[in-house]
Amino acid sequence: MHPLADLLNRLRRATVATPAQYQAFEAEYLAAVVAAQDDQSGPTSRLRSLLPGALDAYRALPSTAHGPPAIGYPISDELEIARWPERPPIINGVMRAGEVGLLVGPPKTKKTFITLDLANSLASGGNWLREFTCPNPSRCLIVDCECEPGEIHRRQNKLRAAAQRTNRYRGINTDLICYAALRGLLGQRESVDARLERLEWTILDARAAFVIVDTVSAFLPLENENDNAEVSAIMGGILDIATRTEASILLVHHTPKGVAGRAAVDMAAGAGAWTRRADSVIALGLEKSGAVVASFRARSMQTPDRHVIDFPVDDGGVLPTASLFLEAENDE
């Protein structure tokens, strides 16, 4: 493990501090920074930016082992908070940088193709689903827990071939898309915290600005996805990762049976905390005609108006065009 990463891990896990221990940590931090001064990679730069805050939080811990950790929370006055930059959009009308989104839908709603289309759109600075602009080319990490690498490659090729007819991915930089194909690699038992920590380091290592986790239930070893307390803690951890890495994270999740007519915030299977703690929700449904219907809820952005979009999908051999209806949801 990178020495700076190891130091950050130990600082975050500490529950008690003494002046001598703090000085030892600070000396170790300075030595590690000097040792890595020639490393200008993204992960090392990000670790350098995270460690001073971790040292401050460590210094705020109690100096004895009695009582709970007393980590202070940051306090800002009006002038300081006015200096904080607003998060820029990474997908106009859908998500901003450093936010967590949830894409939910039943089988056969083309969730994988829709997320691959998003990765391609981000890598080209194009329009996702032909409608939502991605302002700047962005590096995307796809954490796929259900498809083998060969299947991911096949689907990408067919999607790009279908899109080539309309030149949708003009100028795509495929170097901006990387994959963590995890099917068959998640068998060993890990805690949720350990797996979330592994996700954070993978995001930093990939230098990703956008992350797609397909699916969240396959990635995380959940005890009970219907337990609001457990899911709320998991979503809180993912929100923390998005804040620390400044990466947007889109979680792909499934829906239960009988969700027709539900609002987007009630579409995810399991606990309500899945959708209620997400910054954005994209809920897919399948109509009798075969059309995919999507409703949106975006906490920090104006919710999209209703659209009808022709979206190329693949069912093997023939590439039909399915109508994808994008429907706004008013969330008062």
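Here are the numbers:
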| item | result |
| --- | --- |
| Residue in segment 273-299 that is modelled with the lowest pLDDT, counting only those that are within 23 Å of residue 228 (Cα to Cα) and not in a strand (DSSP E or B) | 273 |
| Within segment 76-92, tally of residues that are under 17 Å from residue 129 (Cβ atoms) and either aromatic (Phe, Trp, Tyr) or part of a strand (DSSP E or B) (or both) | 3 |
| Test for residue 53: is it out of contact with any Ser or Thr (no Cβ under 6 Å at 6 or more places or on another chain), at pLDDT 75 or above and within 29 Å of residue 139 (Cα to Cα) | yes |
| Qualifying residue in segment 93-102 (condition: among the charged types (D, E, K, R), part of a strand (DSSP E or B) and in the same structural domain as residue 276 (by TED's automatic domain parsing)) | yes |
| Residue in segment 165-187 that is within 24 Å of residue 255 (Cβ to Cβ), buried (at least 19 other Cβ atoms within 10 Å of the Cβ) and either charged (D, E, K, R) or in the same structural domain as residue 244 (by TED's automatic domain parsing) (or both) present | no |
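The values are calculated or read from the model by the stated rules, or taken from the named source; none is laboratory data. Please read all numbers here as calculations on a predicted model, not as lab measurements. No Cβ is skipped: glycine too gets one built from the backbone with ideal geometry, and neighbour counts run over all protein chains shown.
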